[in-house]
Amino acid sequence: MRDLLQRLQRWAERRLPALTRYRRPESLPIELHRRRIYIVPTGFGLGFSVLLLVMLVGALNYANNAALLLTCLLGAASAASMLVAFRSLDGLRLGHIRAGHAVAGQPLELTLTFDSGRPRNAIRVDLDDRTIAFALNGRASTHVKLALPTAQRGWQPLPRLRVWTSWPLGLFRAWSWLHPEQSVLVWPRAETAGPQPHAPADDARHMRLHRGDELAALRDYRAGDPQRHIAWKASARHENLLVKDFEQPQSRPQWQLDWRRLGGLDNEARIARLARWLNEAQAQRGHYSLWLPGNEIPGGSGPLHYAHCMSALAQLP
Amino acid sequence: MTSPPARLPRERPIDARAFDLLSLTMALVLGLHSPHLPWWLGGALALILGWRWWQRRRQAGRVPRWLKLPLLVLLTLAVIVQYGNIFGREPGTALAVGLLILKLLETETARDVRVGISFACFALMAALLFDQGLIATVVVALGLLPALATLRALEPGQLPSSLPRALLPGLALSAAALPLALLAFLLVPRLSSPLWGAPSQDQARTGLGDSMTPGNFTDLLTDDHPAMRVSFDGAPPPPDRRYFRAYVMWNFDGRSWRQLDPRYAPPRQPAPLEVASSIRYQISLQPTRRRVLPMLDVPLQAPAQATLQADHEVMADKPVNDQLNYAARSALQYRLQPSLDERSRRLGLRLPADFNPRTHALAAQWRQRYGGDDAAIVQAALGLFHDGGFRYTLAPAPLGRDSVDDFLFDTHEGFCEHYSSAFTVLMRAAGIPARVVTGYQGGYWNKYGNYLLVRYSDAHAWSEVWLAGRGWVRVDPTGAVRPERVSLGAAAAAGDQLSWYRNDWLQGLRNRWDIVNRWWDQGVIGFDALRQRGLLTPFGIRDADTATLGVLLAISSVLFIAIGLAWALLRRQPRDPLRGALRELERKLARKGIARRPAEGPQHYLSRAARALPGQRDELASLMRSYLELRYAHDEPPTEPLRAFLHAVRDFRIVNVVK
């Protein structure tokens, strides 16, 4: 039933875009203006208008002018709340959207930046069936974090977002659709278990312990430290001897992750395995390079390098 | 600024703020209804309300069902026991208020709160069915503030504000809505007849009754509410002529005076009246639920939809259920019924047999002494009241079977009813036709509002005796005992009780306040279909029927909504101080004939200005540099240089140089 409804909606949006308020993706920033804000009474609003009607008939029936005046006041205030609801959205501006990183299947964090010239209360953003409520104080931009569910790797267009409010009384619901023309890149999901990458032939060289030659810090002298490491000048100004401590790099595997060596697997399995290796290399703070069809990434390390490799993996056809 | 995002499950529990505001609304509703709830019910509901508020503050959570269900049953039973049923205004309201408070026990989600608030709005309106005075209406309207604030508090994602500040936006919203509300109030078509049930009897004070038993005015004489307001064309009559006639009573059964029973008194023409002078006036009468329309002294004709009775009483065609305004003309100097017909004489002399023997004896003694001089007998009776040790009090001793005997010879204390009743019996016993008239006497002349305010406490009873050649003559025996009763009013005559209440400045305040009340009563409560039509006549709409009113209402609502939309669509452009400063500079230069051309950039323009004003070349060049720097070197002009530039522009004066 739900599926059918959704199919019907999609069909209607394709055929009758004006009626279904379907908007094509548009580039940021998006500013809401009166042409794209819609208002309908909420269920509570409908119930409340029935109540107002009962009150009106009651006041008229008993020819009680004070009660009539009260009813009119309440009715007029409800009507005015519709304008307030409209005004909460009018002029609201979605400046930009920043996407975080996520692997397929995990939610991706989107940061939406809203600006407005005046304070606004109780603005809500719907993404799928999740809702975030926030207020804007009118002076600075407001960042709103949303979680976008992801299913598979690759570029994923942003879905439509509904910005809505039922401020101030909950009687009317004003809303507008935002469809930013922006895609987010979802990284591939790593396989859960599998073989280690083979170490290249000359791995022994990399595995050998070797002393770094960068000066890292000064430390107290310990018995057994070579004399040539003592920092004489610094020790002269100090109570005890100081020793120049040199970085002692771990034995870091220099992994060469290569697409071509994973013959016999299909594309997605290769990607999943490479992703797992990348994760492991990154977890060990290792040094690695990646070869992909049409994209060769030389060795490197660190989060930027990792992101670069994962993005390259994600974008494979 | 980063606002903490809030996840919103479908039915989230409400926060403390919303619950506090809801409790406040409920407390207000309960307070407004407490005057007409039984004290024990009001007290119990207040306790439940307080307990629930305290309990919800400590820990959110519903009240267990084993507590709610018995409370509900108990409430229904209590209402049935108290009122006999659950329908009608009093029991219905009591039940509604009770249910409202009980609803608080199971209020946890936004939906519950919304239901509760809707119901509270209805209960607020119901409070006006009991009292639609100005104060009550204003208090009820203020009750909308916590209700609206509660609805606002339900919305997630708000800028923080304190509890008192949370009430303010509701006030602003109501104030903005007031013009539309007034318009709707003026134009909503009124019903010509109620759709269901008439309002119950005690909605209005009953005022004077159509019978009089000595002692039964006491409640009335201590009721300070307005009965009617009278404005006169020309000067008001002096205080001792302000007698407003309501009922003329002929029948005495030994205890009570009544009107002639209409079944045995065939309708007659109004008694003949010879008028020497008359006065015109308008009366605005509070609802009485009775047909009688009080009139000054002897009315000459009845207003529309009322008839003049034989004894110059005026009866409306139907009971006065709403405030009624009528204009009238009355005689102040007159001869009423100069010749008495036989039937009236017989009625005017009739007394129940075997009552009041001592009174009969006294009357016979007077008749013997004064012979045929009726006026002398009247004087003798007034003399008796004046010198016989009689006392005016609103709390007289009770009277026995021979009430007039007891009063005249034993207790010697009473108020207008006792005096007029005793006097009339004395006159009849002496053979002079006499009758009792009730109505109002006196009233307060409100010089700020130019009208006479008559309160229920001004209710009065006096006598009329028929004297040959003079017709019916009004005799006020109370005046013989207490002349101040006639000149100052009942309370003054009753002595110094409640002296603080009669304090001068307080009185002044009360009388000024009455002007406001009159305005409210006439402008709002008395605004009926007739006045509604009258409102439109100046605009050329002669016959405003329901359809016309509906169209007018629709048109003007659309107009108001258009104004509202204009406000909603209004967007203030972000102010650009730099541009404003440049405009100012342009204005200053334009006065000297150096206007900026449409296609001219600031640099070109200011260079041209510098050439035109060689004496201020440096100053203008510096302004131009500053402007270009501020405008183009930064995204946002930095504050300090901007301020300096604004100052420089403000201080810039064009020095007149001879070219």
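So which of B:Arg280, B:Arg258, B:Arg245 is of a type in the set (Lys, Arg) and surrounded by fewer than 17 Cβ atoms within 10 Å (Cβ to Cβ)? Spell out the reasoning first.
Values: B:Arg258 fails: surrounded by fewer than 17 Cβ atoms within 10 Å (Cβ to Cβ); B:Arg245 fails: surrounded by fewer than 17 Cβ atoms within 10 Å (Cβ to Cβ).
Criteria check complete, one pass: B:Arg280.
Being more than 14 Å from chain B (Cβ to nearest Cβ), open to solvent by 20 Å² or more (accessible area, probe 1.4 Å) and of a type outside the set (A, V, I, L, M) is the filter here; which residues of the stretch A:165-186 pass it?
Taking the stretch A:165-186 and keeping what is more than 14 Å from chain B (Cβ to nearest Cβ), we get A:175-186.
Retained after the next criterion (residues that are open to solvent by 20 Å² or more (accessible area, probe 1.4 Å)): A:175, A:177, A:179, A:181-183, A:185.
Within the stretch A:165-186, A:Trp175, A:Trp177, A:His179, A:Glu181, A:Gln182, A:Ser183 qualify.
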Would the stretch A:39-55 turn up any residue that is touching a residue at least 40 places away in the same chain (Cβ under 8 Å), away from chain B (no Cβ under 14 Å) and out of contact with any strand residue (DSSP E or B) (no Cβ under 9 Å at 6 or more places or on another chain)? no
Reported set for the stretch A:29-38 where residues are more than 10 Å from chain B (Cβ to nearest Cβ), open to solvent by 60 Å² or more (accessible area, probe 1.4 Å) and assigned to a helix (DSSP H, G or I) is A:Arg35
Would you check which residues across the stretch B:49-86 are more than 19 Å from B:Val29 (Cα to Cα) and either of a type in the set (A, V, I, L, M) or in contact with a Ser or Thr (Cβ under 7 Å, 6 or more places away or on another chain) (or both) and list them? B:Ala60, B:Val63, B:Leu67, B:Leu69, B:Leu71, B:Val73, B:Leu74, B:Leu77, B:Ala78, B:Ile80, B:Val81, B:Ile86
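Where residues in the stretch B:328-372 are of a type in the set (Lys, Arg) and outside any strand (DSSP E or B), which of them is farthest from B:Phe409 (Cα to Cα)?
Restricting attention to the stretch B:328-372, the residues satisfying the condition of being of a type in the set (Lys, Arg) are B:329, B:335, B:343, B:345-346, B:350, B:358, B:367, B:369.
Next cut, outside any strand (DSSP E or B) only: B:343, B:345-346, B:350, B:358, B:367, B:369.
On the way: B:Arg343: 32, B:Arg345: 28, B:Arg346: 27, B:Arg350: 22, B:Arg358: 8, B:Arg367: 19, B:Arg369: 20 Å.
Looking at residues that are of a type in the set (Lys, Arg) and outside any strand (DSSP E or B), I get B:Arg343.
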Here the qualifying pairs (Cβ atoms under 9 Å; residues six or more apart or on different chains; first in the stretch B:107-136 and assigned by TED's automatic domain parsing to the domain that holds B:Gly92; second in a strand (DSSP E or B)) come out as B:Glu108/B:Pro13; B:Thr109/B:Pro13; B:Ala110/B:Pro13
What do you reckon, is A:Gly58 surrounded by 11 or more Cβ atoms within 10 Å (Cβ to Cβ) and free of Cβ contacts under 8 Å to residues at least 40 places away in the same chain? yes
Which one of the conditions (1) surrounded by 18 or more Cβ atoms within 10 Å (Cβ to Cβ); (2) in contact with a Phe, Trp or Tyr (Cβ under 9 Å, 6 or more places away or on another chain); (3) within 15 Å of A:Ala190 (Cβ to Cβ) does A:Gln254 fail to meet, given that it meets all the rest? (3)
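For the stretch A:93-105, does any single residue satisfy the condition of being among the β-branched types (Val, Ile, Thr) and under 21 Å from A:Glu181 (Cβ atoms)? Reasoning before the result, please.
Applying the first criterion (among the β-branched types (Val, Ile, Thr)) to the stretch A:93-105 yields A:97, A:103.
Right, trim to under 21 Å from A:Glu181 (Cβ atoms) and you get A:97.
Taking every residue of the stretch A:93-105 in turn, at least one turns out to be among the β-branched types (Val, Ile, Thr) and under 21 Å from A:Glu181 (Cβ atoms).
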If A:Trp277 satisfies all but one of (1) at pLDDT 80 or above; (2) part of a strand (DSSP E or B); (3) of a type in the set (Phe, Trp, Tyr); (4) open to solvent by less than 50 Å² (accessible area, probe 1.4 Å), what's the number of the condition it fails? (2)
Going through the stretch B:528-559 in order, the residues found to be basic (Lys, Arg) and loosely packed, with under 11 Cβ neighbours inside 10 Å are B:Arg542
Kindly indicate whether B:Gly61 is outside any helix (DSSP H, G or I), open to solvent by less than 40 Å² (accessible area, probe 1.4 Å) and touching a helix residue (DSSP H, G or I) at 6+ places or on another chain (Cβ under 9 Å). yes
Mind checking which residues of the stretch B:139-168 are open to solvent by 20 Å² or more (accessible area, probe 1.4 Å), touching a Leu at 6+ places or on another chain (Cβ under 8 Å) and at the interface with another protein chain (Cβ under 9 Å from one of its Cβ atoms)? B:Ala141, B:Arg152
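Consider the stretch B:304-328. How many of its residues are at negative phi and either open to solvent by 20 Å² or more (accessible area, probe 1.4 Å) or among the polar types (S, T, N, Q) (or both)? Before you say what the answer is, go through the steps one by one.
Of the stretch B:304-328, the ones at negative phi are B:304, B:306-311, B:313-328.
Filter again for either open to solvent by 20 Å² or more (accessible area, probe 1.4 Å) or among the polar types (S, T, N, Q) (or both), leaving B:304, B:307-309, B:317-319, B:321-325, B:327.
Qualifying residue count for the region: 13.
The values are calculated or read from the model by the stated rules, or taken from the named source; none is laboratory data. All values derive from a computational prediction rather than experimental measurement. Virtual Cβ from ideal backbone geometry, glycine too; neighbours counted across all protein chains shown. Protein only, heavy atoms only, side chains kept; ligands, DNA and RNA dropped before computing areas. Shrake-Rupley method; radii C 1.70, N 1.55, O 1.52, S 1.80 Å.
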